[in-house]
Amino acid sequence: MSELRTVKVDGAEIDVPQDYTLLQACEAAGAEIPRFCFHERLSIAGNCRMCLIEVKGGPPKPVASCAMNVRDLRPGPEGAPPEMLTRSPMVRKAREGVMEFLLINHPLDCPICDQGGECDLQDQAMAYGVDGSRFHENKRAVEDKYIGPLVKTTMTRCIHCTRCIRFAAEVAGAPDLGATGRGEDMEITTYLEAAMGSELQGNVIDLCPVGALTSRPYEFHARPWELTKTESVDAMDAVGSAIRVDTRGREVMRILPRTNEDVNEEWISDKTRFIWDGLRTQRLDRPYVRRDGRLVAATWGEAFMNVAEAVGRSSGEKIAALAGPLAGVEEMYALRVLMERLGSPHFDSRPAGSVLAPKNGRASYLFNTTIAGIEAADAILIVGSNPRHEAAVLNARIRKHFRATNLPIALVGEVADLTYPAEHLGSGPQALDALLAGEGAFAGVLAEAKRPLVIVGQGALTRADGAAILSRAAALATNGERDEGWNGLCVLHDAASAVGGLDIGFVPGEGGLATAGIVAAAGRGDLDVVILLGEDDVDMSALGSAHVVYIGTHGDAGAHRADVILPAATYTEKSATYVNTEGRVQMTARAAFPPGEAREDWAVLRALSDSLSATLPFDDLNALRGQMYQAHPHLAAIDGIAAGDLADVRALAEAGGDIDPAPIANRIDDFYLTNPIARASAVMAECSALASSTLAAAAE
């Protein structure tokens, strides 16, 4: 932080850094400064003029406090600290004048505006507005623009703060928005009025201080004072963004971001924000049993009896279980205990072919630098991943650090537009051998780096040579002189359940089959019963004649293949633990209740265990968590990170292995349709179709 300087704000002295703006200095002193264009995470535009203050001894007019630094202030008489006034008559009159100008052309849409009740312009008009207007000319009208299926525009309301333009260009890295014209003729629009192409575009809704940009799917659905607000955690990817779930009655009406500087700052991806319509469509709300080739509604007792009969005809060695990307730690722990009581070693929560394993130590599968630690890196190598699709908010953090430092970034694997320049070193893992041999300019960059980041995606870790690739990545992260304590191996997961499943050992027991092995064995007829805990991503047609028990929330692939369906709860309908890609333990909160007869996953498994004569040793969620915390103490530290051991990464680096020169393919093809909730969302389907057509048009 820069050198401190003493200033006086409304008579009170305070020491602030010299690179603070006057606005930040005033707020540090407790003064409230209104603003429309200024935002802490965006560049300074200085074009709304609402933040005017008076500087004693300065110019004989108000000063835009967002556009002037503390170091630019002249000292007072006899070296006294410079003084700023935020409530003087000059300031009051200036702000009222600015507000009057802003309202010249602003329409009186408050009764029908979705921003009503949480609008910065409304709030500040109450504080600085007047009861009438001196302007009687016709208001300016601006045609609404189409900028995609997510953001609705009412551009007559726009006050030209340019927050949306700056966000798109600076944070999202997709400069889709811009301004045309000047003065009263200025308009915010996209190039040729095409849809925005960023996976973070929904954040402009939160940034817009008026109702010019609102949520199209949420349009006219509810007012903010009607909603019950629940703080929770996102499960659409492995970042674990902090969110707020707003509900009315039993329905989720919208999802908004919460500020968490260590994880998502104040941004969320469009998938996180807009999948809420998928939470209530294609839902499983009662048990089903397949009879004569058709799924028919059944009671819980009938469904459990069907499962019990299938298990009774089999043995533990012929029963398997798979956990999907949205499974919480509690239900995976309960399912693991159940499988062990049934005598089965066949269970897995990893994608098919994954080489990650708890036996290699926690550092072997975590994003070890933490997400916030990205901003300390001095070089980044990405292997087999497209962070823009696998973790859009984390990708924005990389872009933020690149813009601040211009650090070197390289990519091994599929070429992709990452929103920042990355040198493509090759499509296959042989590029890693070249780096280890010191070939190429980036090899020198890595060798000299004190805090390098080697990000390894699931596309590299689900190959037959995944272990060899991970070993080479660990070597690149640890070779050379690194800062003490720096662990630069960063495994980027794309499923919310991934790290939690590895933490509790939801991986095959001794002699057990992994995901791909379970599917193959079921196809051969070697498995009689397969339990799918929200797993929809394996090839259902390859499960052969196995009796499939699906515990899930939506009528997705698993439900279509199932012989028994046991309806469960989504992440917004239960209190569940998730561990994000950096190893941070987080917990969701119930914002709504599951529909119909659906129940929380752990409760379904507890009831099922009675029918299977393998009763689980807990009767409520607290008892389950007590046992889970006893077995895995780090899970009790909510919002804590149990760091991995650097020695495990060094051991991994020595493992070596042979590589396949075939190109590394990324695991996620479609950002918008990665899980059952997203696939049930009409909004996500529209976004997916639009993205596909845009790619096709670009290819032509």
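Here are a few things to note about the model shown:
- Translational D in µm²/s for the stretch 1-139 (Stokes-Einstein at 25 °C, 0.890 mPa s, Kirkwood Rh from C-alpha pairs): 151
- The Cα atoms of the stretch 466-614 give a gyration tensor whose axes a ≥ b ≥ c have a/c of 1.5 or more with a/b no greater than b/c, which makes the shape oblate.
- From the alpha carbon centroid of the stretch 1-51 to that of the stretch 397-476 is 40 Å.
- Per residue, the convex hull volume that the Cα atoms of the stretch 624-665 enclose (Å³): 171
- Given charges at Cβ of Lys, Arg, Asp, Glu: the chain dipole, positive-most of Pro567, Leu192, Ala607: Leu192
- In the context of the full protein assembly, Met99 retains an accessible surface of approximately 0 Å², using a probe radius of 1.4 Å and ignoring ligands and nucleic acids.
- Accessible area in square angstrom per residue, the stretch 14-123, 1.4 angstrom probe: 48
- Convex hull volume per residue in cubic angstrom - Cα atoms of the stretch 440-481: 69
- Among 613-625, 570-582, 175-187, 203-215, the peptide with the highest mean count of other Cβ atoms within 10 Å heads the list, and the full ranking is 570-582, 203-215, 613-625, 175-187.
- Helical content of the chain, expressed as a calculated mean residue ellipticity at 222 nm, amounts to -8000 deg cm²/dmol (DSSP H runs of 4 or more residues, -39,500 (n - 2.57) each, divided by residue number, nearest 500).
- Rounded FRET efficiency, nearest 0.05, which uses the C-beta distance separating Arg41 from Gln18 and R0 of 22 Å: 0.60
- A 1.4 Å probe over all protein chains sorts Asp234, Asp378, Asp639 by accessible area into Asp639, Asp378, Asp234, starting with the largest.
- Rounded to the nearest 10 Å², the accessible area of Met68 at probe 1.4 Å: 40
- Volume per residue for the chain equals 182 cubic angstrom (convex hull of Cα atoms).
- Dimensionless Rg/Rh of the stretch 117-179 - Kirkwood Rh, Rg from C-alpha atoms: 1.04
- Remark: C-alpha extents of the stretch 148-273 on the principal axes read 45, 30, 22 Å, sorted largest to smallest.
- Viscosity 1.002 mPa s, temperature 20 °C, Stokes-Einstein D of the stretch 478-530 from Kirkwood C-alpha radius, µm²/s: 147
- When Rg and Dmax are taken over the Cα atoms of the stretch 370-436, they come to 11.6, 31 Å.
- Look at the Cα gyration tensor of the stretch 641-700: its axes a ≥ b ≥ c give a/c of at least 1.5 with a/b at or below b/c, and that counts as oblate.
- Solution diffusion estimate, µm²/s, Stokes-Einstein, the stretch 50-99, Kirkwood Rh from C-alpha pairs, 20 °C, viscosity 1.002 mPa s: 189
- Positive-end residue of Ile469, Ala179, Ser693, charge dipole of the chain with Cβ unit charges: Ala179
- Kirkwood Rh in Å, taken over the stretch 547-700 so that all alpha-carbon pairs contribute: 19.8
- Here the chain has 50 percent of its accessible surface on carbon and sulfur atoms, given a 1.4 Å probe and all protein chains in place.
- For the stretch 559-606, the Cα gyration tensor yields ellipsoid semi-axes of 23, 14, 9 Å (square root of five times each eigenvalue, largest first, whole Å).
The values are calculated or read from the model by the stated rules, or taken from the named source; none is laboratory data. Bear in mind that the values here come from a model prediction, so they are computed numbers and not experimental data. Glycine also receives a Cβ, built like all others from the backbone with ideal geometry; neighbour counts cover every protein chain displayed. For accessibility, only protein heavy atoms count, side chains too; no ligands or nucleic acids. Shrake-Rupley method; radii C 1.70, N 1.55, O 1.52, S 1.80 Å.
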